[in-house]
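A.B. asks: Structure provided below as structure tokens; questions to follow.
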Ligand SMILES: C[S@@+](CC[C@H](N)C(=O)[O-])C[C@H]1O[C@@H](n2cnc3c(N)ncnc32)[C@H](O)[C@@H]1O
């Protein structure tokens, strides 16, 4: 590092320090002097390395799917209940967060490939912000799931992603955990083919990670064997009766003590389906297993991720 680069690094650190009060500065000083920051730094570098691997898988997927990451063979319908019931065909833009993070979305907007607004009465400046919906988890959400929410040791454990789509959760589990079995069940055949191609392209261990083309309700055996079940919001993909049926199915088949991870609170999901009373005692909310790693995250960005255990 040259002298001027060193000065510029120091200046950036000072900018940060200038925002802290005395007691915060003291804590930072202790953290650095105790050398424990070195362990945190190593962990941070490992996270950056896995982030690059996940970015590479995302870039490979972009070549296999349309820009919107939706297939003509699927039926995506805006939900009529719940917190996404305000979405319509005209006010909603589907942007996959695993493929395009915030910075990439900004670039796409600058290049005019994505719009943030829609006109609510033509030719006027009376525009409204589009609702951006992602059908995959972001890389940051995946890191938070495996480095903060779940226990660090998942050896001999099976992770199931319900509706694995592009496979984002599977690749996250593969690179960020030591789980011995990682399974995705996806009802859309084309997406299963995409996941298989990616698993093959990146030479992932087929004994550890696999995709099953099926309706999850046809595979109670897999659900029963799984120790961690991850369910991203399904509202755009199933109608209300099917959605209710799925939760009854999960209650029947997910074994006691398993972890369930959702990206919306179960209270909200079950209330919108009018089944909260019926299922409220099934789950308990858990505190994260690796709280010390919260240091690596903007926790507010991950506040929509919930960890439960099955009672
Ligand atoms: C919101 S996406 C989740 C993608 C992925 N789990 C993630 O978080 O990145 C939901 C996926 O679930 C699939 N799906 C919906 N109902 C299903 C069912 N009953 N069985 C299997 N897959 C289902 C849909 O085809 C869709 O690809």
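A.B. asks: Show the residue pairs meeting these rules: Cβ distance below 6 Å; 6+ apart or different chains; first residue within the stretch 222-247 and at negative phi and in contact (Cβ under 8 Å) with a residue 24 or more places away in the chain; second residue assigned to a helix (DSSP H, G or I) and more than 11 Å from the ligand (Cβ to nearest atom).
C.D. replies: Pairs that qualify, where the first residue is at negative phi and in contact (Cβ under 8 Å) with a residue 24 or more places away in the chain and the partner is assigned to a helix (DSSP H, G or I) and more than 11 Å from the ligand (Cβ to nearest atom), are 223/253; 224/253.
A.B. asks: Of all residues in the stretch 2-20 being assigned to a loop (DSSP other than H, G, I, E, B) and exposed (fewer than 11 other Cβ atoms within 10 Å of the Cβ), which is farthest from the chain's Cα centre (by Cα)? Give the derivation first.
C.D. replies: Just the residues of the stretch 2-20 that are assigned to a loop (DSSP other than H, G, I, E, B), to begin with: 2, 19-20.
If we keep only those that are exposed (fewer than 11 other Cβ atoms within 10 Å of the Cβ) as well, we get 2, 19.
Details: 2: 39, 19: 31 Å.
It comes out as 2.
A.B. asks: I'd like to verify a number: residues in the stretch 223-235 that are away from the ligand (no atom under 11 Å from the Cβ), in contact with a strand residue (DSSP E or B) (Cβ under 7 Å, 6 or more places away or on another chain) and part of a helix (DSSP H, G or I), how many?
C.D. replies: Total meeting the criteria: 1.
A.B. asks: If we scan the stretch 273-286, do we find a residue that is closer than 18 Å to residue 148 by Cα, more than 16 Å from the ligand (Cβ to nearest atom), surrounded by 14 or more Cβ atoms within 10 Å (Cβ to Cβ) and modelled with pLDDT under 95?
C.D. replies: In the first step, residues of the stretch 273-286 are kept if they are closer than 18 Å to residue 148 by Cα; the result is 284-286.
Those left that are additionally more than 16 Å from the ligand (Cβ to nearest atom): 284-286.
Still in the list and also surrounded by 14 or more Cβ atoms within 10 Å (Cβ to Cβ): 286.
Then drop every residue that is not modelled with pLDDT under 95, which leaves none.
The answer is no; no qualifying residue exists.
A.B. asks: So, restricting to helices (runs of 4 or more DSSP H) that lie completely within the stretch 118-201, which ones have at least 1 residues that are touching a strand residue (DSSP E or B) at 6+ places or on another chain (Cβ under 9 Å) and modelled with pLDDT of 95 or more?
C.D. replies: The helices (runs of 4 or more DSSP H) meeting that bar are 168-176, 189-201.
A.B. asks: Against the condition without any contact (Cβ under 8 Å) to a residue 24 or more places away in the chain, in a helix (DSSP H, G or I), loosely packed, with under 11 Cβ neighbours inside 10 Å and over 22 Å from the mean Cα position of the chain (by Cα), how does residue 23 come out, does it pass?
C.D. replies: On the way: without any contact (Cβ under 8 Å) to a residue 24 or more places away in the chain: yes; in a helix (DSSP H, G or I): yes; loosely packed, with under 11 Cβ neighbours inside 10 Å: yes; over 22 Å from the mean Cα position of the chain (by Cα): yes.
Criteria met by residue 23.
A.B. asks: Continuing with this model, one more query. Collect the residues in the stretch 175-219 that are farther than 19 Å from residue 64 by Cα, in contact (Cβ under 8 Å) with a residue 12 or more places away in the chain, out of contact with any helix residue (DSSP H, G or I) (no Cβ under 8 Å at 6 or more places or on another chain) and within 11 Å of the ligand (Cβ to nearest atom), keeping them in residue-number order.
C.D. replies: 214, 215, 219
A.B. asks: May I pose another question? Could you check, for the stretch 37-51, whether at least one of its residues is surrounded by 12 or more Cβ atoms within 10 Å (Cβ to Cβ) and more than 19 Å from residue 143 (Cβ to Cβ)?
C.D. replies: Yes, because at least one residue in the stretch 37-51 is surrounded by 12 or more Cβ atoms within 10 Å (Cβ to Cβ) and more than 19 Å from residue 143 (Cβ to Cβ).
A.B. asks: Among the residues in the stretch 154-166, are any on the phi > 0 side of the Ramachandran plot, touching a helix residue (DSSP H, G or I) at 6+ places or on another chain (Cβ under 9 Å) and touching a residue at least 24 places away in the same chain (Cβ under 8 Å)? Show your work before the answer.
C.D. replies: First, pick out the residues of the stretch 154-166 that are on the phi > 0 side of the Ramachandran plot: 156, 163, 165.
If we keep only those that are touching a helix residue (DSSP H, G or I) at 6+ places or on another chain (Cβ under 9 Å) too, we end up with 163, 165.
Restricting the remaining residues to those that are touching a residue at least 24 places away in the same chain (Cβ under 8 Å) gives 163, 165.
Yes, that holds for at least one residue.
A.B. asks: Taking the options 108, 114, name whichever one is part of a loop (DSSP other than H, G, I, E, B) and over 20 Å from residue 163 (Cα atoms).
C.D. replies: Unique residue meeting the criteria: 114.
The values are calculated or read from the model by the stated rules, or taken from the named source; none is laboratory data. Because the structure is a prediction, the values reported are computed rather than measured. In this analysis, Cβ positions are derived from the backbone assuming ideal geometry, glycine residues included, and neighbour counts consider all displayed protein chains.
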